Amino acid sequence: MELKEIRDRLLSLGLPVAYLRFKKAQKLPFIVYYESDTEITGADNYNLYRDVEITIELYTEDKEPQLERRLENLFREVEIGKEGDTALEDEEMLLTVFSFRTIQYIEEENSNV
């Protein structure tokens with residue numbers, strides 16, 4: 001699953017979504033997602049695919065189980081993990097973190113070198 005597909009799925013929730021950070025403060029709730037780990041592997045001296053860990057951070061004012069279930073359902077075909085909630089007291093918000101791994105195949109680039 002590529003980043004564009006992940007973004008499109010998250011946008012279907014109707015919330016503001018950004019990769020890694022927003023440039024301006026957002027009204028709650030909102031979502032930030034990013035690649036938190038990548039392992040590039042292959043065979044015969046060729047990189048064939050990336051095993052990528054995607055982290056999704058859901059920021060809300062209060063606990064929103066229905067919104068969390070909707071987010072989980074967007075990624076039903078992968079094993080999604082959920083960390084415990086974190087209260088960000090200074091920001092007056094709640095952070096819920098989800099993560100999953102996905103495979104991204106590396107296509108050979110044509111170059112005239």
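FYI, it's all coordinate maths here, none of it is from the lab. These numbers were taken from a predicted model, which means no experiment stands behind them. Every residue, glycine among them, receives a Cβ derived from its backbone with ideal geometry; neighbour counts consider all protein chains shown.
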Taking Cα atoms, the helix 65-74 axis meets the longest principal axis of the chain at an angle in degrees (rounded to 10) of 10 degrees
Any lysines whose Cα falls less than 27 Å from that of K4, other than same-chain ones fewer than 8 residues away, would be K23, K24, K27, K82
Which of (i) 1.06; (ii) 1.10; (iii) 1.13 gives Rg/Rh (Cα atoms, Kirkwood Rh) as computed here? It is (i)
Ranked on Cβ counts within 10 Å of their own Cβ, fewest leading, I80, I54 go I80, I54
